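The values are calculated or read from the model by the stated rules, or taken from the named source; none is laboratory data. Worth saying up front: this structure is predicted, and the values here are computed from it rather than measured. Quick reminder, even Gly has a Cβ in these numbers, built from the backbone with ideal geometry, and neighbours come from all protein chains shown.
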Amino acid sequence: MVRGKIQMKRIENTTSRQVTFSKRRHGLLKKAFELSVLCEAEVTVIVFSQKGRLYEFSSSDIEEVIARYLNQVKGGQNNNIAVQQYMQQLMRGSASMTKQIELLDASQRKLLGYGLSSCTSEELQEIESQLVRSLSRIRAKKAQLWMDEIEHQKEKERLLLEENARLIEKLPAQGKYIVPYRSQSSQVSDRDHVETELFIGLPEMRCS
């Protein structure tokens, strides 16, 4: 016989409710015991009946387990409080940074000549002073770059002059290493003598 699905609602019949509680409680404590043995887990189960009767199971000292549980819960609450405080601090820092960025953006726009309609005469004077100081620093930096470039070109010129002087000094010394030019006729005279005398007759007679 197939048992029907039990609806998850309060059992109205008192006797049936007590029988179901007894069976389910026994099964729950049995499962807790099996879990502690099979998985070597620290398990504690506390059950109060409708009439306030206590039923419990613990794989170790129940007071130590409860104390450990309370410490864990307290530590978790403290961690949550610390996280919330840290998040609030980050939000305040983010809001402050956003405000600073807006102020810097407005100041930059004013330096570029925008958004000046709401400025007072003192603010305009301060903006003008900032521009004058900035222009002075820019000109000083530009002059320094020009001076550095001039010094660099002078150094290159000095090195080129030194190299040119060394080349000029080497030119006379190379003359003694030049091989004298010899004409083609003089080269022919140094070779073996070539006979040009005309002789008529057999070669044997010439050798005699």
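When residues in region 45-71 are screened for being under 50 Å from the mean Cα position of the chain (by Cα) and surrounded by fewer than 12 Cβ atoms within 10 Å (Cβ to Cβ), 4 of them pass. Here the condition is being surrounded by 10 or more Cβ atoms within 10 Å (Cβ to Cβ), among the aliphatic types (A, V, I, L, M) and in a loop (DSSP other than H, G, I, E, B); of L28, L116, L90, L104, it holds for L116 alone. Going through (1) of a type outside the set (A, V, I, L, M, F, W, C); (2) part of a loop (DSSP other than H, G, I, E, B); (3) surrounded by 10 or more Cβ atoms within 10 Å (Cβ to Cβ) one by one, K5 falls short only on (3). C39 meets each of the listed conditions (1) surrounded by 10 or more Cβ atoms within 10 Å (Cβ to Cβ); (2) at pLDDT 90 or above; (3) not acidic (D, E) apart from (1).
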